[in-house]
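The values are calculated or read from the model by the stated rules, or taken from the named source; none is laboratory data. Keep in mind that this is a model prediction, so the values were computed, not measured. Using ideal geometry, Cβ is built from the backbone for each residue, glycine included, and neighbour counts are taken over all protein chains shown. Each accessible area value is taken on the protein alone, full model and side chains, heavy atoms only, with ligands, DNA and RNA left out. Shrake-Rupley method; radii C 1.70, N 1.55, O 1.52, S 1.80 Å.
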Amino acid sequence: MWATHLSPLFDAALENPLLHDVEHLLYLTAALLFWAPVASLDPVRHRLSRPAALVYLFTQMPQNSFLGVAIMWAPTVLYAHYATIRRPWGPTPLEDQQLAGAIMWMVGDILFLLALFAVLAAWMGESERSAMRDDAARAPEIAALRRREALLADRR
């Protein structure tokens, strides 16, 4: 994202439809590869453990945030393509860019936070299911112990 958004490649993609499509394909491919170890329902070869997934997501979140902030706070229009477009309505190209950076930052952070909470919830659910399985496996032992306690109580 940094390499394309803060280089001439992004502006070139705005001018060339084929390059624009390739750029979108690159983003989609990178997103699928990024999310597969965390969110894939299918068994993937390198699925991350829940703690590793939390670290993975938490370390990526600032990358998205800082890029959105960099675009939002840029003092000039970053892409000549947008600077040359004159519209009689709506925001100026710089205001439009600032809004886009803010959306990238805030919406991206919200999505990462949702993913972090989803991983935490799944991890807690796994822990609870594991505890229930352990309790079920020990249920015969616990029942026998309670029967012995009841017999002992009856003798007293």
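Please compute the per residue accessible area over region 1-88 with all protein chains in place, 1.4 Å probe, rounded to a whole number of Å².
Result: 68 Å² per residue.
Can you give the local net charge around Leu94? Use residues other than it whose beta-carbon is closer than 14 angstrom to its beta-carbon, Lys and Arg +1, Asp and Glu -1.
So the environment of Leu94 carries a net charge of 0.
Add -39500 (n - 2.57) for each DSSP H run of 4 or more in the chain, then divide by its residues: what number comes out at 222 nm, to the nearest 500 deg cm²/dmol?
It comes out at -27500 deg cm²/dmol, rounded to the nearest 500.
How big is the gap, in Å, between the Cα center of region 1-33 and the Cα center of region 123-142?
48
What spacing in nm lies between the two simple spin-label points modelled at Ser49 and Met106, each 7 Å away from Cα in the Cβ direction?
The answer from the label model is 3.8 nm.
Can you list the trypsin sites (Lys or Arg not before Pro) in region 27-134 that are in a DSSP coil and have 10 or fewer other beta carbons within 10 angstrom?
Loop-located and lightly packed - Arg45, Arg86.
Extending each Cα 7 Å along its Cβ direction at Glu126 and Ala153, get the distance between those two points in nm, one decimal.
3.9
Cα-based Rg of the chain per 2.2 N^0.38 Å, rounded to two decimals?
1.77
Give a quick list of chymotrypsin sites (Phe, Trp or Tyr not before Pro) in region 84-156 that DSSP marks as loop, anything other than H, G, I, E or B, with at most 15 other Cβ atoms within 10 Å.
When the chymotrypsin sites (Phe, Trp or Tyr not before Pro) of region 84-156 are filtered for loop state and at most 15 Cβ neighbours within 10 Å, Trp89 remain.
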